[in-house]
């Protein structure tokens, strides 16, 4: 990474991070929503942990913590896509394209901002989960794997949403960024393990890539890193796929003149 | 033209305006049904819990779209009202001899029509998917009446925010709060099966729990007088309070105009 590339990436990242953390309307939803899901699921559905066949040693609070952690990292990426769309809608994106000698650096800047945003949310979610009594059987290496996996999910979601934002270049594209991620997340085993799902949702969850990510996150919380390899391979594949998508979208934004 | 005639024109405008917006229809119909499909599929195993009131989670969960649909309607009502304020249409209406109550009724008619349509669609889809309806055909008008009353109640709250702020963005910002109310209720489990004390307490004080339980009673139990009385009572209280507060807010806005 040469100096000019780095300076553009860091400038875009610094601006996005500043915008997000100085505007409550931008930072609050990405923090409050995961906490709210955590409260609703871990609190309202705690008895689900008593269902025959539900076998997860750390308990239902930790089971839902894994979901909320992955969800918050994914939505940290999606919300960054909203910011990209807003920048291009206002015309700031056009000026960025004119000013940046290496335009992929713009994308990298937004990805850094997505990471910082998700890291903050993940920190808050973790503190609240621990305060709520989530039992983590994970060791240091398991936790590193857990948060590393969440970062990969954040990166994949940011690249997906960024790609949409660069093509649509309007905040009207928000649902297109958000709904597919929301669907993938909720068509995974959110409430109970895969074995307890039946019917069509079991079939869908079995082929849903988020199922493997969620299972690995839950296993890591239970101190088992056995399924991490598959999850990392899937998330790295998603990052590569959406990376190509985002770069092609950037080319399209360039061709359209921002 | 009489007051009824004026109000009729507004009712017609409101209904057409609400029903011809594809975004309204997608969020009001598709999203609640999608969440129903996900929760009914994902939480089927909870029917194995001792004392769970039915062996069909689909029937249990079918009550939720009725409330979710009403929440989306609130958003729709508020947004429509805010658009009229932002465009100056409400100011022009305030120069006519139309009474505030007629104006309010006319503006909310669209979401009431939407609420009625939602109730029919949700019940039809639920029954087609295999849900039960214990109250039978006699329960249908009760369910529709309750659904309309709930939609009207939430619609007035959406309109209230719009009248007080005059901003569509503020109405959109209120939407997550409604969703919090929905999720912190007896949406996913009966209150007596909630094991976390604080959550059960919040759900008990949350009026949305009683709205859901009234709809659910018609689907699972048949005729439960207490659940229905509480459901209709809370829905009516929200609607009456909403209409009163909207009327006051409208008067203040018209004075300022």
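The numbers here are math on the coordinates, done by the rules we state, and not lab data. This one's a predicted model, so the numbers in the text were calculated from it and none came from an experiment. Neighbour counts run over all protein chains shown; Cβ positions are idealised from the backbone, glycine included.
Helix B:31-42: angle to the longest alpha-carbon principal axis of chain B, degrees 0 to 90, nearest 10? Compared with the principal axis, the helix lies near 10 degrees.
Principal-axis analysis of the Cα atoms of chain B puts helix B:63-87 at an angle of about 10° to the longest axis.
Computed from the Cα positions only, the extents of the range B:40-166 along the three principal axes stand at 60, 29, 22 Å, in decreasing order.
Counting only other chain Cβ atoms within 10 Å of each residue's Cβ, the peptide B:45-52 averages 5.
Residue by residue along B:189-198, Cβ atoms of other protein chains within 10 Å of the local Cβ number 4 on average. Summing -39500 (n - 2.57) over the DSSP H runs of n ≥ 4 in chain A and dividing by its residue number, what mean residue ellipticity at 222 nm do you reach, to the nearest 500 deg cm²/dmol? Here the helix-only value at 222 nm equals -26000 deg cm²/dmol. Here the calculated FRET efficiency for residue B:240 and residue A:2, from their Cβ-Cβ distance with R0 = 60 Å, stands at 0.35, rounded to the nearest 0.05. Take the Cβ atoms of residue A:248 and residue B:248, set R0 to 45 Å, and the FRET efficiency comes out at 0.25. Annotation: extensible slack from residue B:167 through residue B:47 equals 38.8 nm (criterion: 0.36 nm per residue apart, minus Cα-Cα distance). Full extension of the segment from residue B:145 to residue B:9, taken as 0.36 nm per residue of separation minus the current Cα-Cα distance, would add 46.6 nm.
Mean projected area of the convex hull spanned by the Cα atoms of the range B:3-256, taken over all viewing directions: 13.6 nm². Taking the longest Cα principal axis of chain A as reference, the axis of helix A:3-22 is set at about 60 degrees. Per q in 0.08 Å⁻¹, report the Debye log10 I(q)/I(0) for chain A, using one uniform scatterer on each alpha carbon and no solvent. Values, matching the q order: -0.32. The fraction of Cα-Cα pairs per 5 angstrom bin, counted from 0 for the range B:31-76, comes to 5, 23, 26, 19, 13, 8, 4, 1 percent, rounded to whole percents. Each pair of Cα atoms in the protein assembly as shown enters the Kirkwood radius, and Stokes-Einstein at 10 °C and 1.306 mPa s then converts it into a translational diffusion coefficient of 65 µm²/s. Centroid-to-centroid, using Cα positions, the range A:53-96 and the range B:73-139 are 33 Å apart. Estimated purely from DSSP H runs of n ≥ 4, each contributing -39500 (n - 2.57), the mean residue ellipticity at 222 nm for chain B is -25500 deg cm²/dmol once divided by its residues. Computed from the C-beta positions of residue A:22 and residue A:95 and an R0 of 22 Å, the FRET efficiency is 0.60 to the nearest 0.05.
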